[in-house]
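*Asks:* One structure coming up, written as structure tokens, with questions to follow.
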């Protein structure tokens with residue numbers, strides 16, 4: 001098996017036996033994607049769990065008026081998953097689309113479950129799940145409690161690579177504001 005530096009950064013070799021690590025790495029399949037490719041689609045089942053090595057993705061839902069609303073951004077080292085669909089076998093209510101070209105590593109549900117008896121593998125998953133939960137919770141509360149300018153400044157601080165690589169129209173819907181409001185906020189910040 002060839003050395004995979006990216007997956008070794010997630011599954012640190014010192015936390016696994018050589019056999020466990022080889023088994024884990026053999027279950028992941030490399031996927032290259034282009035801008036506008038879908039990794040997950042609304043009304044379909046999410047059959048894969050991805051680790052994003054390079055590139056940028058965003059998830060979005062369509063609101064009751066037919067508007068495309070960004071719900072999350074994904075940057076290198078993030079998990080890309082629809083938790084409900086992957087684990088509970090429900091259809092997706094969001095799509096995940098590539099904003100840039102890039103590369104990720106996918107694993108099927110059955111292969112994921114085959115690895116679940118490895119304690120350190122479960123711990124990696126649990127840590128990532130908890131981290132995703134807190135990120136989602138913080139964002140949903142921020143949309144209610146923080147001014148739009150503060151939400152934008154926080155995004156710039158927490159994920160500067162997103163602000164540099166994602167079109168402003170998607171950042172605006174993620175922040176819950178219009179493109180015009182975001183342009184005004186950006187102008188205020190640069191003054």
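*Asks:* State whether one or more residues within region 137-147 are touching a strand residue (DSSP E or B) at 6+ places or on another chain (Cβ under 6 Å), farther than 25 Å from residue 35 by Cα and surrounded by 15 or more Cβ atoms within 10 Å (Cβ to Cβ).
*Replies:* no
*Asks:* List pairs: first residue in region 103-114 and in contact (Cβ under 8 Å) with a residue 60 or more places away in the chain and on the phi < 0 side of the Ramachandran plot, second residue part of a helix (DSSP H, G or I) and surrounded by 15 or more Cβ atoms within 10 Å (Cβ to Cβ) anywhere in the structure, Cβ distance under 7 angstrom, at least six positions apart or on different chains.
*Replies:* These pairs meet every condition: 105/7; 109/86.
*Asks:* Please go through region 54-85 and give me each residue that is touching a helix residue (DSSP H, G or I) at 6+ places or on another chain (Cβ under 6 Å) and either part of a helix (DSSP H, G or I) or within 23 Å of residue 113 (Cβ to Cβ) (or both), ordered by number.
*Replies:* 79, the sole residue that qualifies.
*Asks:* Something else: Out of curiosity, is residue 177 within 15 Å of the chain's Cα centre (by Cα), touching a residue at least 24 places away in the same chain (Cβ under 8 Å) and surrounded by 13 or more Cβ atoms within 10 Å (Cβ to Cβ)?
*Replies:* It is false that residue 177 is within 15 Å of the chain's Cα centre (by Cα), touching a residue at least 24 places away in the same chain (Cβ under 8 Å) and surrounded by 13 or more Cβ atoms within 10 Å (Cβ to Cβ).
*Asks:* Now for a different question. Taking the options 80, 130, name whichever one is exposed (fewer than 15 other Cβ atoms within 10 Å of the Cβ), within 30 Å of residue 18 (Cα to Cα) and under 15 Å from the mean Cα position of the chain (by Cα).
*Replies:* 130
*Asks:* Turning to a different aspect of this structure: Going by the structure shown, is residue 22 surrounded by fewer than 18 Cβ atoms within 10 Å (Cβ to Cβ) and at pLDDT 90 or above?
*Replies:* Yes.
*Asks:* Mind counting the residues in region 1-41 that are part of a loop (DSSP other than H, G, I, E, B), within 20 Å of residue 96 (Cβ to Cβ) and touching a helix residue (DSSP H, G or I) at 6+ places or on another chain (Cβ under 8 Å)?
*Replies:* Matching residues across region 1-41 total 1.
The values are calculated or read from the model by the stated rules, or taken from the named source; none is laboratory data. None of the values given here were measured: they were computed from a predicted structure. Neighbour counts run over all protein chains shown; Cβ positions are idealised from the backbone, glycine included.
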